[in-house]
Amino acid sequence: MTERFQVVPAAYVMFLRTVDGTEQVLLQLRQGTGYMDDHWAMAAAGHVEAGESVFEAACREAEEELAVKIEPADLTPLTAMHRTGRTGDPIDERVDFFLQCRTWTGEPRLVEPDKTADLRWFALDDLPEPVVPHERFVLDRVRAGGIDPVVSFGFTGPTLPHDKRS
């Protein structure tokens, strides 16, 4: 019998706010993780743990990484992304759930300085460089007006067969 294909699920929280008519997103600068260090990334993200829903994972990650409390009802699904690192290694086969959040309790702050060098709000139309590529893909589409409910990233062929922005 062949070994069953497996993917790693992860939850990403896109914290958004509007200041003086400008849409802003909260990003962290990764460091010391061994993955995409020195790249800007969603302020809260991480693997979904066994027995945990993607919404529970998002709320947990926000509290662990930013010391803010969010409720599952405060999360709006943006997209699910099936992606590959094309290494053949199971850790590089992913399903990422991107969730938008505009309501939380507390002031976001750096909680894990060994993994995060900086935390800042950026205008969606003026993002820093570099941003983790698959996260930049989502941010660019949100800025352009929307993203399909399901997308793929890292595969050969069309990335978004129904998306004319690609």
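Only the coordinates and a few stated rules stand behind these numbers; no lab work does. Values in this document were obtained by computation on a predicted structure and should not be read as measured data. Cβ placement follows ideal geometry from the backbone for every residue including glycine, while neighbour counts extend to all protein chains displayed.
Using only Cα positions of the chain, each an equal point scatterer, no hydration layer, compute I(q)/I(0) via Debye at q = 0.10, 0.20 Å⁻¹ and quote the log10 values to two decimals. Taking Cα atoms of the chain as identical point scatterers yields -0.36, -1.52.
For residue 100, the residues 5 or more places off, or on other chains, whose built amide H falls under 5 Å of its own are 14, 76, 78.
Along the positive direction of the dipole of segment 92-157 (beta-carbon charges: Lys, Arg +1; Asp, Glu -1; about the Cα centre), which of 119, 105, 150 reaches farthest? Comparing the listed Cα positions along the dipole, 105 ranks first.
In this simple spin-label approximation, residue 150 and residue 5 carry label points 7 Å from Cα along the Cα→Cβ vector, and these lie 1.2 nm apart. Taking the Cα centre of the chain as origin and assigning +1 to Lys and Arg Cβ atoms and -1 to Asp and Glu Cβ atoms, the resulting dipole is close to 480 debye.
Each residue of segment 59-69 was assigned a 3J(HN,Hα) from its phi angle through the Karplus curve 6.51 cos²θ - 1.76 cosθ + 1.60 (θ = phi - 60°); the sequence is 5, 4, 4, 4, 6, 5, 9, 10, 6, 10, 9 Hz, with glycine and proline shown as x. Remark: the residue 19-residue 111 segment gains 30.7 nm on full extension, using 0.36 nm per residue and subtracting the alpha carbon distance. Under 5 Å from the amide H of residue 118 lie the amide H atoms of 29, each residue being 5 or more positions distant or on a separate chain, with H modelled from the backbone and absent for Pro and chain starts.
Helix-only estimate, please: 222 nm mean residue ellipticity of the chain, summing -39500 (n - 2.57) across DSSP H runs of length 4 or more and dividing by its residues, to the nearest 500. Helices in the chain give a 222 nm mean residue ellipticity of -4500 deg cm²/dmol. With the simple spin-label model, which puts each label point 7 Å out from Cα in the Cβ direction, the residue 140 to residue 33 separation comes to 2.0 nm.
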